[in-house]
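Notes follow the structure.
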Amino acid sequence: MQAASIPPKFSIPFANAAGTGDSRPIPTASQITTNPGAASLVDGFPPLNFTPVAAGGIPPSGADFNGLFNQITKWNQWQGEGGPVKFDAAFSSSIGGYPAGARVLSNSGHAVYQSLSDNNTADPNTGSALWRVESSVWTAAVWQATGSANNQIITLNPVPTSLSQLIGLVLTVNSQGTNTGPVVLNPNGLGNIPVNFQAGVALGAGVLTTNAPFTVVYNGNAFVLTSHTNVFTDPGSGGITVSGPSSASGANLKFIGNGATTPNKWIRALNGVMQWVNSAYTAVTMTLDDVGNLTTAAGITATTGNIVANGGRLRAGLGAFGSADPNAATLLTDFPHSFAAAGVQVLPDGFVMQWNSGATTTGEEFVSFPQPFANTALLVIAQEANPQGWLVGGSGSFFSTTFGCQQLTASSFALYCMRTVPNAPPILGVGVAYRYFALGF
């Protein structure tokens, strides 16, 4: 067959001008007992029409022929002119329901419904799940919104009579403006319906922009945003806002790459802190607060290269020091220290050195450290600060000074000083200048 082989159309039904007596409708029920020889949809032409007249038969009626062909060609004419077929409850009941794949026009003329099952008697105009919207005049147009950016209005044509008629339809809308928060969409005054993301989350500021088209699908509760166009500019202090549904979950960015079906990584802002969340969304691996404090769940690890602190302190665990790994930190100078006469130096391995000087008052006394040790002192060594004073007058004899240290605690130690002269008993070193060195942790 070729497209040019289309047969002539019926511009009028057969027997269109036949008089009342020359054409009659063909009834469904049999007329054998009520009108012998008359045709019906049940019998067709009855047996009397096939019986010879000499044997008592009745010839077929021209009126029946006219009526039958008139009814048939009326539907031929309707189909030829593209006339639609709407759902017919009585017809549906009489045939036991529409078959799967059948198509009917909606009562409002806005959509074509397709039957999803055999013996389908459900009315598609009520939103039955046994029918789907195959096409709609509402989905074939872009509707310009009015109202305001956060409260947008569209006027569909033909006019929907209920929200149920919109279930499952994809609507394309030119946004009335750039939204500053959650958005509602009101079709033909049927109600302010929220526009949400697929997860049911309300839209954040700037998701919709002026005269940019966006598409939504009505699910019976909300218009679900399926696509949108954003105009990204230098955000400045205003920014492009990503809003979270609650303070418990924050505002999330989900990153998926390499064809993965689950997120590779999450980044979220929660209670003023930027957080990096693992792919399973079960644990926070790193945080950054407003003052620049960076915290990681398992510490900062460098497998290659070096970690450098610019303009600040680099804090590291003790396990990094003394490591054979050339990439681990092995030398840090940013430890508490003092080079004064009384000083303290914290060593990388956790030990602390302290030193000071003084003069004995009694030769046996307790001396306090410049700074208490966190735990205790391990070792104290003392020596005389002025050994050139050992010479006694011009006698050529020298003093001998001996120091002893004991009773070491975290904050002090006991100092003993004895002085001796040849051929004389020892005496307490009263007023002897000394220096000491202490090691502890």
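The values are calculated or read from the model by the stated rules, or taken from the named source; none is laboratory data. Given the structure is predicted, the values throughout are model-derived calculations rather than measurements. Glycine gets a Cβ as well: all are built from the backbone with ideal geometry, and neighbour counts include every protein chain shown.
General remarks:
- Per-region count, the stretch 383-441, residues part of a strand (DSSP E or B), among the polar types (S, T, N, Q) and modelled with pLDDT of 80 or more: 7
- Failed item in (1) modelled with pLDDT under 90; (2) in the same structural domain as LEU190 (by TED's automatic domain parsing), with GLY127 passing the rest: (2)
- GLY83 being modelled with pLDDT of 95 or more, under 30 Å from LEU169 (Cβ atoms) and assigned to a loop (DSSP other than H, G, I, E, B): no
- Flag for PHE50 being crowded, with 17+ Cβ neighbours inside 10 Å and of a type in the set (Phe, Trp, Tyr): no
- Subset of the stretch 86-114 (residues that are among the small types (Gly, Ala, Ser) and either assigned to a helix (DSSP H, G or I) or modelled with pLDDT under 95 (or both)): ALA89, ALA90, SER92, SER93, SER94, SER106, SER108, GLY109, ALA111
- Residue match in the stretch 250-257 (condition: of a type in the set (Lys, Arg), modelled with pLDDT of 85 or more and assigned to a strand (DSSP E or B)): no
- Test result for ALA140, out of contact with any Phe, Trp or Tyr (no Cβ under 6 Å at 6 or more places or on another chain), crowded, with 18+ Cβ neighbours inside 10 Å and either part of a loop (DSSP other than H, G, I, E, B) or in contact (Cβ under 8 Å) with a residue 12 or more places away in the chain (or both): no
- Residues in the stretch 159-181 that are out of contact with any Phe, Trp or Tyr (no Cβ under 8 Å at 6 or more places or on another chain), under 13 Å from TRP143 (Cβ atoms) and either in a loop (DSSP other than H, G, I, E, B) or small (Gly, Ala, Ser) (or both): 2 in all.
- Out of ASN120, ASN179, ASN150, ASN186, one residue alone is among the polar types (S, T, N, Q), crowded, with 17+ Cβ neighbours inside 10 Å and closer than 30 Å to TYR98 by Cβ. It is ASN120.
- All conditions but one from (1) assigned to a loop (DSSP other than H, G, I, E, B); (2) within 30 Å of GLY127 (Cβ to Cβ); (3) not charged (D, E, K, R) apply to PRO60; the one that does not is (2).
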